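Okay, so here's the structure we're looking at.
The values are calculated or read from the model by the stated rules, or taken from the named source; none is laboratory data. Predicted model, so just to flag it, every value in this text is computed and none were measured. Heads up, the Cβs are rebuilt from the backbone with ideal geometry, glycines too, and the neighbour counts pull from every protein chain shown.
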Amino acid sequence: MMGRLESWKLALERLRSAPSADWAEAGRLVAEIVRMSPDATLRQAAEQALAVLRQAVDNDDHGVALAARRRVGVVLEVVHDLTAPRFGRRNAAPKKLSREDRARRMLGLPLAVQLTCEDINKAYRRAAKGMHPDQGGSAEAFIDLAAARDILIHPGAHKDA
């Protein structure tokens with residue numbers, strides 16, 4: 001699989017750096033990636049690029065060519081990510097966040113900073129504007145947001161999950 005990724009990477013880099021790209025060839029390459037890639041992210045990026053690449057064939061519109069070049073770049077970024085060396089523990093599950101850290105993430109607050117009640121309430125109000133049921137949000141999400149605020153304001157009152 002790594003050999004195939006490397007060959008796709010070289011072909012995509014060649015296509016992207018060419019002064020006048022062969023969009024038909026790019027479409028064939030991306031279609032091959034859609035058919036043969038086991039990685040869901042790469043397949044999704046390639047599927048999204050395929051329509052634009054097909055549109056760019058025999059099209060003199062500069063905007064379409066620019067969009068096609070950007071889509072090839074997105075697919076190339078995903079391939080680069082898949083072929084980049086990995087350091088540390090491979091396939092290790094990410095560290096499970098504490099209840100307080102999950103609440104901070106939900107409110108969009110940094111994880112390692114001391115917060116005041118005012119900081120927490122400002123973040124809650126900012127997040128609640130879009131989550132409120134009257135504004136098109138769901139009642140469950142709004143309740144979860146209020147619970148996250150309560151966890152951060154009264155951290156000792158809640159047991160860690």
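In segment 112-161, which residue that is within 26 Å of the chain's Cα centre (by Cα), at pLDDT below 80 and assigned to a helix (DSSP H, G or I) is surrounded by the most Cβ atoms within 10 Å (Cβ to Cβ)?
In this case the residue turns out to be M131.
Evaluate segment 143-150: report whether one residue or more is of a type in the set (K, R), out of contact with any Pro (no Cβ under 8 Å at 6 or more places or on another chain) and over 30 Å from R14 (Cβ atoms).
Within segment 143-150, one or more residues are of a type in the set (K, R), out of contact with any Pro (no Cβ under 8 Å at 6 or more places or on another chain) and over 30 Å from R14 (Cβ atoms).
Kindly indicate whether any position in segment 90-106 is in a helix (DSSP H, G or I), under 21 Å from G3 (Cα atoms) and charged (D, E, K, R).
No: segment 90-106 contains no residue that is in a helix (DSSP H, G or I), under 21 Å from G3 (Cα atoms) and charged (D, E, K, R).
What do you reckon, is Q55 surrounded by fewer than 16 Cβ atoms within 10 Å (Cβ to Cβ) and within 30 Å of R14 (Cα to Cα)?
no
Scan A68, A21 and give me the residue that is outside any helix (DSSP H, G or I) and surrounded by 15 or more Cβ atoms within 10 Å (Cβ to Cβ).
Among A68, A21, only A21 is outside any helix (DSSP H, G or I) and surrounded by 15 or more Cβ atoms within 10 Å (Cβ to Cβ).
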